[in-house]
Every structure is written in C-alpha cells, then in structure tokens.
Amino acid sequence: MCGIVGYIGSNQAAPIILDGLSKLEYRGYDSAGMAVFDGEKINAKKAVGRLKILENLTHGGETMKGTAGVGHTRWATHGAPSDANSHPHLNAKGTIAVVHNGIIENYIPLKKKMISKGYEFVSETDTEVLAHLLDYYYKGNPLEAISKVLHRVEGSYALGIMFSEYPDEIYAARKDSPLIVGQNEEGCFIASDVPAILKYTRSVYYVDNQEIVQLKREGMKFFSVDEEELTKEAVTIDWDADAAEKAGYEHFMLKEMYEQPKTVTDTISPRIKDNDIVIDELKMTDEELKAIKRIHIVACGSAYHAGVTGKYVIESLARIPVEVDFASEFRYRDPILGDDCMVIVISQSGETADSLAALRDSKAKGYKVLGIVNVVGSSIAREADSVMYTWAGPEIAVATTKAYSAQLAALYLLAMKLAKANNRVSEDRFQQLLVDLRKLPEQIELLLGQKEKIQHFANRYVGAKDIFFIGRGIDYAISLEGSLKLKEISYVHSEAYAAGELKHGTISLIEDGTLVVAVSTQPNLYQKTISNIVEVKARGAFIMAVTSVENQAIEKASDYVVYIPQTDPLFTNSLAIIPLQLFGYYVAVGKGCDVDKPRNLAKSVTVE
Ligand code: M6R
C-alpha cells in the first residue's frame with residue numbers, strides 16, 4: 001500500500017520525508033520518490049526499488065534543498081514499478097506535484113478527456129490524471145483547484161500536493177485512504193500513518209473523508225471539499241513505535257483481518273458499473289467468454305482454497321465445469337485441457353514457484369491464462385495473458401486473510417460475468433447478487449465486531465491437540481481454509497473434511513472433548529450437516545457451529561454457535577471465514593505463537 005509523507009517548516013524537508021517514508025516501509029512498496037520546493041522550482045527525484053536507493057541518490061536528502069515537500073512509497077497498482085510510474089506526478093510545466101495513495105476509479109474517461117484537451121501523459125498510472133486535472137483547474141487558487149478536482153474524481157485517495165506559486169503551503173486531502181496531519185513548533189506534517197511522524201509529534205488530526213488541509217509552517221487549516229473552513233480536534237497518540245506500525249493492532253494479521261471490508265470494497269467496486277459487472281482486464285468480449293466451456297483453476301494453499309470456492313460459485317451460476325488443482329500437482333499430471341478451456345492461476349504474491357510453473361506450462365501448450373493476482377508487476381501478473389488484480393494491498397502476515405477475501409470477491413465477479421455472458425442468470429437474480437455483493441464489506445465488519453466473543457471461546461482451545469472442520473459443498477471449501485488458518489499459525493493439528501465423508505474413517509479420531517467446527521451456511525444442506533454433527537457429538541465431540549441466521553435449529557445439536565448475516569448462499573464463505581480466522585488467530589495468540597511469522601513458513605514460496 002502506498003505511503004505518503006509531507007513536510008513544511010523551518011527544517012530541511014527531504015531528510016524528514018525520507019525518515020518518514022522509512023517508517024512506512026512495513027506497508028510494502030516497490031519504488032519511492034519525493035518533490036521538494038528549492039526556492040525557485042519543484043525538484044523531483046524517483047527511484048525504483050528500496051528507499052535506500054532514493055536516499056543514496058539524494059545523499060540522504062541533502063541534495064534536495066528546501067523546507068517544503070511531499071514524498072511517496074509506491075505499491076504498484078496501475079502500471080509496473082518504474083520511474084515513470086513512481087510518484088510524485090507533475091504537470092507538464094513542473095509547477096504542481098502530487099503524491100497519491102488509493103485508486104482513481106474513473107481515471108480512464110478523465111484521461112481521455114485530458115488528452116482531448118492536449119494534455120500528454122507520461123505514465124500508466126491513475127494518479128497522473130490528478131496532476132493534469134489540477135493544472136487544468138488551477139487559476140491561482142490552490143484550494144479552489146483541489147476542490148474542483150475532487151468533485152470530478154471517483155474512488156479513493158490520500159493526497160499530498162504542492163504548487164510552486166505557493167511555496168509556503170502544502171496541501172493534503174483524503175477519501176477512503178488513510179491520512180493524518182500533525183504539527184510541532186517547527187512545522188507541519190502529512191502522513192499515511194502515525195509511525196511516519198511519531199518522532200516529531202504525538203499530536204495528530206485524522207483527516208476525514210472529503211476534507212482538504214492547507215499546511216503552513218505555522219499551522220494548518222481544514223476545509224470541506226466545498227472549501228468551507230472546518231474546526232477539528234487533535235488526538236494524542238500514546239502508542240509506542242512498534243504498535244504504531246500496526247496501527248495499534250497487536251499483530252499484522254489482526255490488522256489485515258480488519259482491513260478486509262476495505263479490501264473487498266476495493267476489489268468489487270471498480271468493477272461494478274451501472275448495475276453491471278465490467279472486467280476490462282479480462283480483455284475478452286462476451287462472445288469470447290461464452291466460448292469457454294471448461295475452466296481449470298490452479299493455485300496453492302489458501303489461493304487453492306479460494307479456487308475451491310470459485311468452483312462451486314462458477315459451476316452454480318454459470319454452469320461451466322471447473323476443475324481445481326494444486327499447482328504442484330497440475331504441472332506434473334499432464335492434465336487434459338481443451339481449446340475451449342480457460343486456465344485461471346490464483347496467487348497473492350504472483351511469485352509462487354509451482355503456480356508460475358503451471359502458468360508457463362499451460363501457455364506453452366497454447367492455453368490462455370487469466371491471473372488473479374495481488375502484486376502488480378509480479379511474475380504471474382507479467383506472464384499471464386490477462387490479469388484481474390485483487391486490490392488487497394501488501395499483506396505482511398504470512399497467514400493470508402485479506403488477500404484471500406479479495407480472491408473470493410474477484411471469483412464472485414468473474415462467476416457473475418460468465419453467468420451473464422452465458423445467459424444463465426436472470427436479470428432479477430443478477431441484481432440481487434449485486435446487492436448482496438455490495439453488502440459484504442459491512443457484514444464482514446459486523447462479524448469482526450465479535451472478536452471478544454471468539455477470543456473468549458478460542459482461549460479454551462489453546463491446549464487442544466486436534467481440531468476438525470467439517471462442512472458440505474461450499475462449506476467444505478471454507479472448512480479447508482479455516483483449518484489451514486488454525487494449523488499454520490497455532491501449530492494445532494487440524495483437518496478439514498467434507499462432513500459426509502468423516503464417517504468413512506476419520507471419525508475414529510474423535511474423542512471426548514475433541515472440538516469439531518461445523519460450517520453450515522447452505523439452506524439445502526442444513527439438515528444433512530446437522531446429521532453429521534449428531535454423529536460426532538455422539539462420539540464425544542464438542543461442537544462449534546458457524547451458520548446462517550435462519551438456521552437456529554442447529555443450536556440443539558451444537559455447543560457454541562456463531563451466526564453469519566443473511567447473504568446469497570454462494571457468498572457465505574466471505575462471511576464464514578471471519579470467525580474462523582479470528583478463532584485460529586486467538587488460539588495462536590493464547591499459545592504465545594509468533595503469529596505473523598509462523599515457524600517453517602515463508603510469505604512467498606518461490607521454490608518447488
Ligand atoms: O502467494 P500465493 O497466493 O501464491 O501463495 C500461496 C500459498 O503459499 C499461501 O496461500 C499460503 O498457503 C498462506 N500461508 C496461507 O495463509
């Protein structure tokens with residue numbers, strides 16, 4: 001996720017900006033840049049790679065003299081990591097510089113419009129459109145220009161902006177991307193997050209949605225997007241530096257779980273237009289989509305589990321047969337693919353060795369590959385024929401949470417798109433699915449609110465030896481992920497079983513007090529799963545059920561029930577996973593495990 005730092009004051013800006021950006025490195029980035037006003041003009045420097053490279057390039061900021069500037073670490077979204085795509089972006093005259101975190105969703109029509117007015121673009125980014133729009137609307141009043149631009153753009157943004165005609169001011173603005181400003185006796189600061197400025201001030205203001213801030217050496221003024229002045233209260237930060245990196249959360253994993261509502265929104269909302277699903281990145285017409293008669297999903301670990309859910313959703317909605325393979329198996333089993341088949345490789349990192357090999361193998365055999373990838377510019381993103389990005393931002397914890405949720409969201413969109421292209425879904429059902437899809441972020445938020453309750457329950461299982469997860473159909477898919485979440489971070493042995501399959505052997509492992517987590521969110525299977533619950537309960541199991549609100553009948557058969565809000569049965573995994581993530585997390589915390597860096601695991605598995 002991009003990081004922003006800005007400074008205006010009586011000290012040199014560049015060293016402060018570099019120092020602030022270094023405190024935002026945890027957010028992940030692939031390039032960095034800054035712009036400083038030197039008394040005459042705005043100087044900008046950019047460097048792909050580690051921040052150290054920008055530091056060396058500017059001798060720790062010493063070669064960029066000036067007391068006002070903005071800086072940025074970029075996590076590539078629109079366009080691969082490169083100097084041209086790095087921020088700051090400037091207008092052609094070099095008199096306006098902007099750094100941005102977020103996504104300008106309507107940048108394509110805006111870009112076309114600006115090109116028609118004679119503006120030339122030098123990058124592939126959505127952000128550059130802001131620099132040119134600011135130029136277009138700037139008639140000597142920065143606040144007015146910013147306000148006009150913000151009325152034109154859709155999407156999310158945290159911005160740092162400077163105008164060379166106003167060397168004693170810098171500006172900040174925000175909508176749906178984090179941004180704070182702070183002040184001490186010597187100047188004012190902009191930052192994406194507290195750690196960047198904690199060394200300089202503990203008194204900060206959280207910039208609210210659609211607010212603009214004018215920062216000067218001696219203080220700040222806040223404005224609404226309509227240029228009305230606002231009064232705001234400062235907040236005193238009492239976290240230590242380590243807690244501040246995690247925004248006050250104990251672990252990155254917990255922070256990332258809490259980012260899931262935003263992740264799902266970011267993945268879904270740019271692709272819903274005029275009550276339809278538009279996935280331009282597929283680069284396929286409806287006719288071409290219609291021609292797909294078989295799908296092979298290939299992935300590893302949690303991405304594979306997302307693929308298993310994808311199979312149920314695509315088959316149910318679009319009636320296209322889907323096979324899901326572990327990439328490590330797919331690449332050696334000489335799978336039978338046909339000309340009418342599409343291969344989908346799902347990967348957070350885009351660098352997983354087996355998934356990449358499966359992609360190359362499929363392409364070598366002449367098949368089209370769609371990548372569902374989180375890291376822009378990663379190997380899978382570069383080599384796939386088309387890429388559908390999951391906009392989860394960088395994930396730091398080894399155990400994936402938000403990227404997995406984004407993968408589910410991307411697969412729902414794809415399934416709906418395929419269903420529509422194949423005339424497999426009525427317009428009424430499609431519209432209802434859109435409604436349910438849009439509701440998911442707030443429903444996830446609601447479930448995250450049950451953290452204490454789940455923590456309390458999880459504390460009883462820190463000494464558990466084995467925990468089983470069962471479910472049928474799509475609930476089996478989520479059981480796989482729930483079980484992996486638990487075992488990878490808590491080291492408690494766990495298995496996921498299709499609920500009806502347990503009695504064919506594994507049920508012999510159930511002893512008095514063994515915890516069985518039963519997921520039951522599919523109305524047509526409620527009774528069937530209750531029967532399986534009864535079977536294991538009769539052997540002494542303790543039952544935690546995760547089910548839909550209307551399935552209260554499950555209470556009689558279970559010992560502890562977590563309800564998920566009402567949604568389409570095809571989307572329940574996005575909700576059921578939340579209590580399961582929280583459960584795994586709190587068992588691991590209770591055991592004192594290194595939650596963010598579990599033993600023997602790497603975030604990106606680049607070996608076979
Ligand atoms: O980066 P990828 O999505 O390709 O990674 C695949 C797996 O290695 C990954 O999902 C792994 O299973 C996670 N540790 C699960 O939390």
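The values are calculated or read from the model by the stated rules, or taken from the named source; none is laboratory data. Just so you know, these numbers come straight off a predicted model, no measurement behind them. Neighbour counts run over all protein chains shown; Cβ positions are idealised from the backbone, glycine included. Heavy atoms of the whole protein, side chains included, go into the accessibility calculation; ligands, DNA and RNA do not. Shrake-Rupley method; radii C 1.70, N 1.55, O 1.52, S 1.80 Å.
Compute the Cα gyration tensor for the stretch 245-448, then decide on rounded, prolate or oblate, letting a ≥ b ≥ c be the square roots of its eigenvalues: rounded whenever a/c is under 1.5, prolate when a/b is larger than b/c in the other cases, and oblate in all that remain. Since a/c reaches 1.5 but b/c is at least a/b, the shape of the stretch 245-448 is classed as oblate. Taking the C-alpha atoms only, the angle from helix 526-537 to the longest principal axis of the chain is near 70 degrees.
When only DSSP loop residues count, what GluC sites (Glu not before Pro) in the stretch 29-107 have their Cβ near at most 14 other Cβ atoms within 10 Å? Intermediate values should be presented prior to the final figure.
Numbers: sites: Glu40, Glu55, Glu62, Glu105; in loops: Glu40, Glu62, Glu105.
Loop-located and lightly packed - Glu40, Glu62.
Net charge near Tyr258, counting Lys/Arg +1 and Asp/Glu -1 over other residues with Cβ under 11 Å of its Cβ? Residues near Tyr258 contribute +2 overall.
Determine the shape class of the stretch 3-238: with a ≥ b ≥ c the square roots of the Cα gyration tensor eigenvalues, call it rounded for a/c under 1.5, and otherwise prolate if a/b is greater than b/c, oblate otherwise. Walk me through the intermediate numbers first.
Values: a/c = 1.41, a/b = 1.12, b/c = 1.25.
Note, shape of the stretch 3-238 comes out rounded.
With a probe of 1.4 Å, find how much accessible area the stretch 449-594 has per residue, and write the answer as a whole number in Å². List each step's numbers first, then the result.
Values: 5250 Å² over 146 residues.
Per-residue accessible area for the stretch 449-594 comes out at 36 Å².
The simple spin-label model puts a point 7 Å past each Cα toward its Cβ; for Ile108 and Ala291 those points are separated by 2.1 nm. In degrees, nearest 10, range 0 to 90: what is the angle between the Cα axis of helix 427-448 and the longest Cα principal axis of the chain? Roughly 80 degrees, rounded to the nearest 10.
Ordering Arg331, Arg74, Arg50 by how much accessible area each has at a 1.4 Å probe, largest first, what is the list? Let's see the in-between values first.
Working: Arg331 55, Arg74 5, Arg50 125 Å².
Descending accessible area places them as Arg50, Arg331, Arg74.
Among 81-89, 180-188, 448-456, 546-554, sorting by the average number of other beta carbon atoms lying within 10 angstrom of each residue, highest first, gives 81-89, 180-188, 546-554, 448-456.
Between Tyr206 and Glu120, the modelled labels are 4.5 nm apart [label points 7 Å from Cα along Cα→Cβ]. Between helix 572-590 and the chain there is an angle of about 80 degrees, using the helix long axis and the longest principal axis of the Cα atoms.
Residues with beta-carbon under 15 Å from that of Lys65, excluding Lys65: net charge, scoring Lys, Arg +1 and Asp, Glu -1?
Net charge in that neighbourhood comes out at -1.
Just subtract the alpha-carbon distance of Asn423 and His493 from 0.36 nm times their residue separation and send over the number in nm, one decimal. Mind dumping the intermediate values first?
Details: separation 70, 0.36 × 70 = 25.20 nm, distance 4.45 nm.
Separation in residues times 0.36 nm, less the Cα-Cα distance, equals 20.8 nm.
Solvent-accessible surface of the stretch 296-435, taken per residue with a 1.4 Å probe and all protein chains present: 31 Å².
With a probe of 1.4 Å, find how much accessible area the stretch 57-210 has per residue, and write the answer as a whole number in Å². Don't jump to the answer; show the numbers that get you there.
On the way: 5590 Å² over 154 residues.
Accessible area per residue, the stretch 57-210: 36 Å².
A DSSP coil position with no more than 16 other Cβ atoms inside 10 Å describes the following chymotrypsin sites (Phe, Trp or Tyr not before Pro) in the stretch 56-138: Phe121. Each Lys and Arg adds +1 at its Cβ and each Asp and Glu adds -1 at its Cβ; summed about the Cα centre, the stretch 245-448 shows a dipole of about 280 debye.
Working note: 222 nm ellipticity from helices only, DSSP H runs with n ≥ 4, each -39,500 (n - 2.57), summed and divided by the residues of the chain, gives -10500 deg cm²/dmol to the nearest 500. Using alpha-carbon positions, what is the distance between the centroids of the stretch 127-156 and the stretch 188-228, in Å? With the stretch 127-156 and the stretch 188-228 each reduced to a Cα centre, they are spaced 19 Å. Taking K and R as +1 and D and E as -1, what net charge do the other residues with C-beta under 11 Å from the C-beta of Lys273 add up to? Result for the neighbourhood of Lys273: -4.
Computed about the Cα centre, the dipole magnitude for the chain is approximately 880 debye when only Lys and Arg (+1) and Asp and Glu (-1) carry charge, each at its Cβ. Computed about the Cα centre, the dipole magnitude for the stretch 449-594 is approximately 160 debye when only Lys and Arg (+1) and Asp and Glu (-1) carry charge, each at its Cβ. Note on Lys216 and Lys232: their simple-model spin labels are 1.8 nm apart, each label 7 Å out from Cα toward Cβ. Farthest toward the positive end of the dipole of the chain, out of Ser548, Leu90, Ile478, is the Cα of Ile478, where the dipole comes from beta carbon charges about the Cα centre.
When the accessible area of the chain is computed with all protein chains present and a 1.4 Å probe, what percentage of it is carbon and sulfur?
Values: 11310 of 23160 Å².
Looking at the chain in its full context, I get 49 percent from C and S.
When the Cα positions of Ser604, Val313, Gly505 are compared along the charge dipole of the chain, Gly505 comes out farthest toward the positive end, with charges on each C-beta of Lys, Arg, Asp and Glu. When you filter the trypsin sites (Lys or Arg not before Pro) in the stretch 350-389 for DSSP loop state and at most 15 other Cβ atoms inside 10 Å of their Cβ, you are left with Lys365.
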